[in-house]
1. Tally Lys/Arg at +1 and Asp/Glu at -1 over every other residue whose Cβ is under 13 Å from the Cβ of Val70; what's the total?
2. Cα atoms only: what Rg and Dmax, in Å, come out for the chain?
3. Could you tell me the relative contact order of the chain? Use alpha-carbon pairs under 8 Å, at least six residues apart, and round to a whole percent.
4. What does the charge count near Ala36 come to, summing +1 for each Lys or Arg and -1 for each Asp or Glu among other residues with Cβ under 11 Å from its Cβ?
5. Just order 32-45, 58-71 by mean Cβ neighbour count inside 10 Å, highest at the front, would you?
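What follows draws every value from the coordinates through simple rules; no lab data is involved. Here the structure is a predicted model, which means the values were calculated and not measured. Glycine also receives a Cβ, built like all others from the backbone with ideal geometry; neighbour counts cover every protein chain displayed.
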Amino acid sequence: MPAFLATSIFLEADYLPGDREEIRLPCSTVVVHNGAVSVRGIETRHLERLGWTPDALSFEVAGEHHRYRVAAPSLGGALTAKFPIR
């Protein structure tokens, strides 16, 4: 269960070539475990207001880029979101 001290995550959704949505949100920790990416320290109200569903989540830690294909998140309170890995 790797845990990363990421300062932000980048969410994106690709629909058609040239048609995409993206947003960067601050967070405190990203944990990859049991087929999911859990993001802690994220203000989930921003996720609740998205008019689209992210299909990829990425972040950088110590110069290393991590990217996962994800499905719609489940929200665990005001500061935690869990994205299933596809």
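1. Values: positive: Arg67, Arg69, Lys82, Arg86; negative: Glu12, Asp14, Asp55.
So the surrounding residues net to +1.
2. 12.1, 35
3. On the way: 188 pairs, mean separation 24.6, N = 86.
Relative contact order for the chain comes out at 29 percent.
4. Numbers: positive: Lys82, Arg86; negative: none.
Net of charged neighbours comes to +2.
5. Working: 32-45: 16.2, 58-71: 13.3.
Averaged packing, sorted descending, gives the order 32-45, 58-71.
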